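Read the structure below first, then the notes.
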Amino acid sequence: MWQAFAQADAVAVDSLEEESVRFIQPSFSFDYGKALVSVAGFEKKYEGAFSLLFFDNYYLTGEIGTGNLQPKNGIENGKYQSEGNYYRIGGGYLKAINSTSRLGLGVRYAMSTFNDQGEYYVESQSGSQDDYSEQFERKNLEARWVEMVLTSESKVRLKKSDPEARINQLFSLGFHLRLRVMSSYDRFSPIDVYSVPGYGRTVNNPNLALNLFLKFTPF
């Protein structure tokens with residue numbers, strides 16, 4: 001008899017869990033780490049994303065961003081700048097580890113379209129020759145890469161007195177830890193592309209990056 005009651009309770013719990021699983025759940029996210037860097041005046045970078053979560057575990061995402069990069073060490077004895085837009089598409093798996101936090105793993109395919117420009121100087125050490133400078137500008141460049149992405153996110157409880165309140169389900173804070181592997185980009189000699197918007201320095205391949213995001217889940 002007790003076994004029968006236990007089985008009935010298990011079936012009831014399973015049915016409740018199945019009812020609580022949503023088929024699809026849209027969300028929007030904003031990379032606030034890049035925004036803080038832009039406000040501080042170091043570089044100009046902005047990025048956002050739209051995602052669809054299926055059955056509370058599987059997700060598809062599209063990310064779009066823009067960047068104006070001016071690395072100080074892009075060219076020795078010179079200046080370098082790259083500017084452009086990029087996007088990423090991909091998906092993965094998110095698993096709830098407690099009532100407020102999720103951990104996931106995913107993949108992305110990414111492409112960047114950008115321009116770069118720079119100037120370098122050659123100073124005569126002896127003074128017997130004139131100093132020399134050269135400028136360059138290259139447009140309509142492309143780069144492609146893939147990413148493995150580890151994601152961690154936690155809900156922001158704005159109303160701690162009522163953990164089940166709807167407002168506690170709207171916002172999440174988290175991070176993406178990305179391992180980027182460049183597959184192709186427009187190369188030049190003797191001065192190659194140094195920095196790609198959305199990827200970073202081409203001399204780093206693979207390239208490890210950390211992004212901080214705020215997510216809004218309206219439904």
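The values are calculated or read from the model by the stated rules, or taken from the named source; none is laboratory data. Quick caveat: nothing in here was measured; it's all calculated off a predicted structure. Counting neighbours? That spans all protein chains shown, and the Cβs are built from the backbone with ideal geometry, glycine included. Note: accessible area is taken over every heavy atom of the protein model, side chains too, but ligands, DNA and RNA are not part of it. Shrake-Rupley method; radii C 1.70, N 1.55, O 1.52, S 1.80 Å.
Gap in Å between the Cα centre of the range 177-219 and the Cα centre of the range 27-100? Cα centroid of the range 27-100 versus Cα centroid of the range 177-219: 9 Å apart.
Roughly how many debye, to the nearest 20, is the charge dipole of the range 53-174 about its Cα centre, given +1 on each Lys and Arg Cβ, -1 on each Asp and Glu Cβ, and no other charges? Can you show the working numbers first?
On the way: 14 positive and 16 negative charges, 238 e Å.
Magnitude of the dipole: close to 1140 debye.
Label-to-label distance, L170 versus R138, with points set 7 angstrom from Cα along the beta-carbon direction: 4.7 nm. Each Lys or Arg adds one and each Asp or Glu takes one away; over the other residues whose Cβ falls under 12 Å from the Cβ of S101, this sums to +3. Sorted largest first, the spans of the alpha carbon positions of the range 63-156 along the three principal axes are 73, 25, 21 Å. For N204, neighbours were defined as the other residues whose beta-carbon sits under 14 Å from its Cβ, and their charges (Lys and Arg +1, Asp and Glu -1) total +1.
For the chain, which whole percent of the accessible surface, found with a 1.4 angstrom probe, sits on carbon and sulfur atoms? Don't skip to the answer; put the middle values down first.
Numbers: 7850 of 13570 Å².
Carbon-and-sulfur percentage of accessible area, whole number: 58.
Exposed loop sites here mean GluC sites (Glu not before Pro) with a DSSP loop assignment and at most 11 other beta-carbon atoms within 10 Å; the chain contains its longest site-free run at 1-75. Its relative contact order, with pairs defined as Cα atoms under 8 Å and 6+ residues apart, puts the chain at 18 percent. Here the dipole of the chain is about 520 debye; that uses its Cα centre as origin and unit charges on the Cβ of Lys and Arg (positive) and Asp and Glu (negative). Placing dummy labels 7 Å off each Cα toward the beta-carbon, the span from Y93 to A40 is 3.6 nm. Between K44, K160, K95, where does the largest GNM mean-square fluctuation fall for the chain, given springs only between Cα atoms within less than 10 Å? Most flexible of the set in this elastic network: K160.
For the chain, the solvent-accessible area works out to 62 Å² per residue, with a probe of 1.4 Å and every protein chain left in place. Summed over qualifying helices (DSSP H, 4 residues or more, each -39500 (n - 2.57)) and divided by its residue number, the chain shows a 222 nm mean residue ellipticity of -4000 deg cm²/dmol. Among the protein heavy atoms, those of V181 account for about 60 Å² of accessible surface (1.4 Å probe, every chain in place).
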